[in-house]
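Read through the structure below, which is laid out as structure tokens, and then see the notes.
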Amino acid sequence: IQLTQSPSSLSASVGDRVTITCQANEDIRNYLNWYQQKPGKTPKLLIYDASNLETGVPSRFSGSGSGTDFTFTISSLQPEDIATYYCQQYDYLPPYTFGQGTKLEIK
Amino acid sequence: QVQMVESGGGVVQPGTSLRLSCAASGFSFSSYGMHWVRQAPGKGLEWVAVIWFDGNKAYYADSVKGRFTISRDNSNNTLYLQMNSLRAEDTAVFYCAREGRSTGIFDFRGQGTLVTVSS
């Protein structure tokens, strides 16, 4: 299963609403996760199963979608959200795959 | 607290072998499936392999199938990745990750270990 994530990079201002999309080439139901990786750091799970917020993650992060089309949203961009964001699918059995990543910068 | 410490990385020549380790602590290691995920310099994340909690099943990415072997020692809370026939394109930081709410959800806790394959 291949994931196409867009855009590959994004520049936005503090307070902006930011949206990233992830499209699968076949139906993965809701088995889609979103991770944040800050520069030089280990990836961190933000959203699991398309729309569930991981414990401790700020509520400005959200996810939606099912089947082949998914969306990740930051409702009000904060300076600490500078990172690369990855979608990842795990429909039924491995192999698991990641999207290409979206590098988010502050304008 | 949950900790995972990867080790065993280094600089090796193409065609040689290397074994990575991941020492886990702070959780019931034998109850969790475990993954290896890698990241080439300046590139995205790539899932490498998973092993079931009891070691009875393992799956691999096509890019490493037949060359890499994932294994675990539940008595010593350690995960391994035996890498043979290494290629330049295997150069990456290798992370171990615990399964989250489902096997396909990754919980990263370590800092990774860098493998450089170069002549």
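Please treat every number below as a calculation from the coordinates, not as lab data. In this text the structure is predicted, and so the values were computed from the model without any measurement. Backbone-built Cβ (ideal geometry, glycine too); neighbour counts: all protein chains shown.
Just list whichever of A:Lys44/B:Lys57; A:Lys103/B:Lys43; A:Lys38/A:Lys103; A:Lys38/B:Lys43 have alpha carbons separated by over 20 Å in the model shown.
With Cα atoms farther than 20 Å apart: A:Lys44/B:Lys57.
Apply the Karplus curve 6.51 cos²θ - 1.76 cosθ + 1.60, θ = phi - 60°, to the phi angles in the stretch A:98-107 and return the couplings in whole Hz, x for Gly and Pro.
10, x, 6, x, 10, 8, 9, 10, 8, 6
Can you pull out the GluC sites (Glu not before Pro) in the stretch A:8-96 that DSSP calls coil and that have at most 14 other Cβ atoms within 10 Å?
Passing sites in the stretch A:8-96 are A:Glu26.
Taking the Cα centre of chain B as the origin, how large is its charge dipole in debye, to the nearest 20, when only Lys and Arg (+1) and Asp and Glu (-1) carry charge on their Cβ atoms?
40 debye
Do any cysteines of the protein assembly as shown lack a neighbour Cys whose Cβ is under 4.7 Å away, and which are they?
Singleton cysteines: none in the protein assembly as shown.
Determine the shielding of peptide A:90-101 by partner chains: average, over its residues, the number of Cβ atoms on other chains within 10 angstrom of each Cβ.
Average per residue, whole number: 6.
If you find the alpha carbon centre of the stretch B:40-119 and of the stretch A:1-33, how far apart are they in angstrom?
Here the two parts' Cα centres lie 25 Å apart.
Tally the DSSP beta bridges in chain A and give the antiparallel ones as a percent, rounded to 5.
90 percent
Counting DSSP beta bridges with both partners in chain B, what percentage is antiparallel, nearest 5?
In chain B, approximately 95 percent of DSSP beta bridges are antiparallel ones.
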